[in-house]
Amino acid sequence: MNADRDEVWRRCVRLGHALLPLVDREPWRRERRHETLRAWGVDTGTGEGLIGICAALAAHTVAKDASASPRSSGR
């Protein structure tokens, strides 16, 4: 059972890190995000890593909630 949980988490992390390039399809978004991170005193690489982890946590929460709902058990 833990292996399944670990795999879900790994996939959520991959998804979280894949989202920024999708958002960056408009070039100004990345520049603005980097400006904001620098204004907050956060290294851009570190900041983008944290954004990816936050997205992974959100995706993991959604996946966990979906697996706990009565509809997902086939009822």
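The values are calculated or read from the model by the stated rules, or taken from the named source; none is laboratory data. Everything numeric in this text was worked out from a predicted model, so none of it was measured. Heads up, the Cβs are rebuilt from the backbone with ideal geometry, glycines too, and the neighbour counts pull from every protein chain shown. Keep in mind that these areas ignore ligands, DNA and RNA; they rest on the heavy atoms of the full protein, side chains included. Shrake-Rupley method; radii C 1.70, N 1.55, O 1.52, S 1.80 Å.
Assess whether W28 counts as being loosely packed, with under 10 Cβ neighbours inside 10 Å, in a helix (DSSP H, G or I) and at pLDDT 85 or above.
Spelling it out, W28 is indeed loosely packed, with under 10 Cβ neighbours inside 10 Å, in a helix (DSSP H, G or I) and at pLDDT 85 or above.
Give the stretch 52-75 a look and list any residue that's outside any helix (DSSP H, G or I) and either at positive phi or small (G, A, S) (or both), or say none.
S69, G74
Looking only at residues that are part of a helix (DSSP H, G or I) and of a type in the set (A, V, I, L, M, F, W, C) in the stretch 31-51, which one is surrounded by the fewest Cβ atoms within 10 Å (Cβ to Cβ)?
Filtering first and then ranking leaves A39.
Somewhere in the stretch 37-59, is a residue hydroxyl-bearing (S, T, Y) and at pLDDT below 85?
No, that holds for no residue.
Taking the condition of being modelled with pLDDT of 85 or more and open to solvent by 70 Å² or more (accessible area, probe 1.4 Å), how many residues in the stretch 1-18 meet it?
5
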